[in-house]
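Heads up: the structure comes next, in structure tokens.
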Amino acid sequence: MACNKYSLDYNPLDKIDLTNKPAIYFLGGEAAPCDFESKYGEYFINDTGAIHKLKNKWVFRKTDEVMACGNSYIIYLVQNDSVINLFSSNAECGYAFMNDYLYEFDKSYYNYLDTTKIQKLTRQQSDSISKKFRKRK
């Protein structure tokens, strides 16, 4: 039986208001990291120009095709220090899970990231941020 592909596009960053202290946190998931993830580890971006560029380019397409990829990042979309959305992703497979739906996306989305704006996090910082955001959900 063939998998059904949906045609619905979705931009996970649409809700971010670039005028209200936006940030995107990329915290470690359970899957083995790809090359980019190994190089940059856990990090966040709060530069509005970099977020704007990613916001304009990163589009998801709903799918029901399931792959055993795991999640390499839990991604928190933050506005004024509050989580407005979160999802898990695996860039190597090009899949994300959000709001009970599975999405596929262009695996080269890292090309849209301005790596000069990445602010790396230590494991301790990442754990602290993750705990803080989980309390607020």
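Among the residues making up region 79-91, those that are of a type outside the set (S, T, N, Q) and surrounded by fewer than 18 Cβ atoms within 10 Å (Cβ to Cβ) are 81, 83, 84.
Where residues in region 1-17 are in a loop (DSSP other than H, G, I, E, B) and more than 14 Å from the chain's Cα centre (by Cα), which of them is modelled with the highest pLDDT? That would be 17. If you go through region 75-91 and keep only what is without any contact (Cβ under 8 Å) to a residue 60 or more places away in the chain and not in a strand (DSSP E or B), you end up with just 91. Number of residues in region 61-74 that are farther than 15 Å from residue 110 by Cβ and either touching a residue at least 40 places away in the same chain (Cβ under 8 Å) or β-branched (Val, Ile, Thr) (or both) equals 9. When residue 96 is tested against (1) touching a residue at least 60 places away in the same chain (Cβ under 8 Å); (2) in a loop (DSSP other than H, G, I, E, B), only condition (2) is not met. Within region 93-114, the set of residues being loosely packed, with under 13 Cβ neighbours inside 10 Å and either touching an Asp or Glu at 6+ places or on another chain (Cβ under 8 Å) or not small (Gly, Ala, Ser) (or both) comprises 99, 100, 111. Within region 99-117, being in contact (Cβ under 8 Å) with a residue 60 or more places away in the chain, outside any helix (DSSP H, G or I) and within 13 Å of the chain's Cα centre (by Cα) holds for 103, 113. Just name the residue that is farthest from residue 133 (Cα to Cα) out of those in region 68-96 that are under 10 Å from the mean Cα position of the chain (by Cα) and among the aromatic types (Phe, Trp, Tyr). By that ranking, first place goes to 73. For region 118-135, the criterion of being in a loop (DSSP other than H, G, I, E, B) and touching an Asp or Glu at 6+ places or on another chain (Cβ under 7 Å) is met by at least one residue. Taking the options 57, 117, 62, 107, name whichever one is modelled with pLDDT of 90 or more, within 26 Å of residue 9 (Cβ to Cβ) and among the basic types (Lys, Arg). Exactly one of 57, 117, 62, 107 is modelled with pLDDT of 90 or more, within 26 Å of residue 9 (Cβ to Cβ) and among the basic types (Lys, Arg), namely 117.
The values are calculated or read from the model by the stated rules, or taken from the named source; none is laboratory data. The structure displayed is predicted, hence computed values, not measured ones. Virtual Cβ from ideal backbone geometry, glycine too; neighbours counted across all protein chains shown.
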